[in-house]
Amino acid sequence: MTLRARVFGLFPTAWLASVGACAYFAVTEPGVVSVAALLAMLYLLPPACFRTHNLLWPLVEGRSRLDTSEYSPWWGSHQFQVVYNAFPALEAALRLVPGAYSAWLRLWGSRIGRRVHWTPRVDITDRSLLEVGDDAVFGHLVACYAHVVMHRRERVLLYVRRIRIGRGVLLGFACRLGPGVRIDDSVVLGSRTDVFAGRRIRAGSK
């Protein structure tokens with residue numbers, strides 16, 4: 001692991017300490033400033049860091065190796081997002097407000113259409129790698145994973161690819177989508193359907 005990777009690996013700990021400090025400030029000095037500082041730390045700092053990181057070390061789709069001396073931009077971008085995987089309630093709260101979670105994903109760089117419905121317990125691990133058309137519906141426990149790490153022939157491989165979901169798509173309970181999945185307009189995906197990396201689901205297909 002490179003020095004750069006080790007430094008970015010410290011981000012979750014630094015973020016947690018900063019959130020704790022802002023929470024203490026909000027309790028001991030209640031007011032608009034302290035509350036605004038806490039909300040900014042919770043919801044603005046990680047995506048701002050991600051955007052800056054992506055300008056300097058762009059996240060590249062495709063296959064790469066994680067076990068070499070080269071820095072993987074995916075690693076750094078993952079560190080800014082893992083805090084929300086550890087505390088899913090932070091994002092679940094956004095899904096209770098119409099339009100808020102779609103705006104949140106756009107803040108990271110995803111392209112999200114209008115009137116997309118998100119149930120509270122949806123798992124999006126790569127917040128910048130999602131394209132969703134208008135009027136799509138994400139059912140309970142739907143998960144989208146735009147990356148996968150594999151061990152092949154003593155090599156650690158990373159595969160990253162954007163997930164594309166068309167207009168009017170309905171994703172049923174506990175569907176899971178892998179990297180590079182493409183789902184055409186108006187497809188209804190049954191409950192507990194796993195769509196593996198790179199597969200395309202066309203309208204009318206089973």
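One table, with the values for the structure above:
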{"read-out": "Count - residues of the stretch 92-135 that are touching a residue at least 12 places away in the same chain (Cβ under 8 Å) and on the phi > 0 side of the Ramachandran plot", "value": "3"}
{"read-out": "Any pair with Cβ under 7 angstrom, 6 or more apart, that starts in the stretch 186-206 at a residue that is over 17 Å from Cys144 (Cβ atoms) and touching a residue at least 12 places away in the same chain (Cβ under 8 Å) and ends at one that is surrounded by 12 or more Cβ atoms within 10 Å (Cβ to Cβ) and among the hydroxyl-bearing types (Ser, Thr, Tyr)", "value": "Ala203/Ser186"}
{"read-out": "Residue in the stretch 21-29 that is open to solvent by 60 Å² or more (accessible area, probe 1.4 Å), out of contact with any helix residue (DSSP H, G or I) (no Cβ under 8 Å at 6 or more places or on another chain) and either among the basic types (Lys, Arg) or within 26 Å of Glu131 (Cβ to Cβ) (or both) present", "value": "no"}
{"read-out": "The listed residue being within 15 Å of the chain's Cα centre (by Cα) and aliphatic (A, V, I, L, M), out of Ala23, Ala48", "value": "Ala48"}
{"read-out": "Hits in the stretch 136-157 (condition: touching a residue at least 12 places away in the same chain (Cβ under 8 Å) and on the phi > 0 side of the Ramachandran plot)", "value": "Leu141"}
{"read-out": "Among the candidates Val132, Val156, residue that is of a type in the set (A, V, I, L, M), surrounded by fewer than 19 Cβ atoms within 10 Å (Cβ to Cβ) and in contact with a strand residue (DSSP E or B) (Cβ under 7 Å, 6 or more places away or on another chain)", "value": "Val156"}
{"read-out": "Answer residue from the stretch 46-57, given it is over 12 Å from Phe80 (Cα atoms) and assigned to a helix (DSSP H, G or I) and is most open to solvent (accessible area, probe 1.4 Å) among those", "value": "Leu55"}
{"read-out": "Residues of the stretch 189-200 classified as open to solvent by 10 Å² or more (accessible area, probe 1.4 Å) and not in a loop (DSSP other than H, G, I, E, B), total", "value": "3"}
{"read-out": "Condition check for Leu90: within 12 Å of the chain's Cα centre (by Cα) and surrounded by fewer than 18 Cβ atoms within 10 Å (Cβ to Cβ)", "value": "no"}
{"read-out": "Residue that is least open to solvent (accessible area, probe 1.4 Å) [pool: residues in the stretch 100-128 that are among the basic types (Lys, Arg) and within 14 Å of the chain's Cα centre (by Cα)]", "value": "Arg127"}
{"read-out": "Any hit, the stretch 38-45, residues being buried (at least 17 other Cβ atoms within 10 Å of the Cβ), more than 19 Å from the chain's Cα centre (by Cα), part of a helix (DSSP H, G or I) and touching a residue at least 12 places away in the same chain (Cβ under 8 Å)", "value": "yes"}
{"read-out": "Answer residue from the stretch 65-87, given it is in contact (Cβ under 8 Å) with a residue 24 or more places away in the chain and open to solvent by 50 Å² or more (accessible area, probe 1.4 Å) and is nearest to Pro120 (Cα to Cα) among those", "value": "Asn85"}
{"read-out": "Criterion: surrounded by fewer than 13 Cβ atoms within 10 Å (Cβ to Cβ), within 18 Å of Val122 (Cβ to Cβ) and out of contact with any Gly (no Cβ under 7 Å at 6 or more places or on another chain) - qualifying residue of Val60, Val97", "value": "Val97"}
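The values are calculated or read from the model by the stated rules, or taken from the named source; none is laboratory data. What you are looking at is a predicted structure, and each value in this text was computed from that prediction instead of being measured. No Cβ is skipped: glycine too gets one built from the backbone with ideal geometry, and neighbour counts run over all protein chains shown. Areas reflect the complete protein model, heavy atoms only, side chains present, ligands, DNA and RNA absent. Shrake-Rupley method; radii C 1.70, N 1.55, O 1.52, S 1.80 Å.
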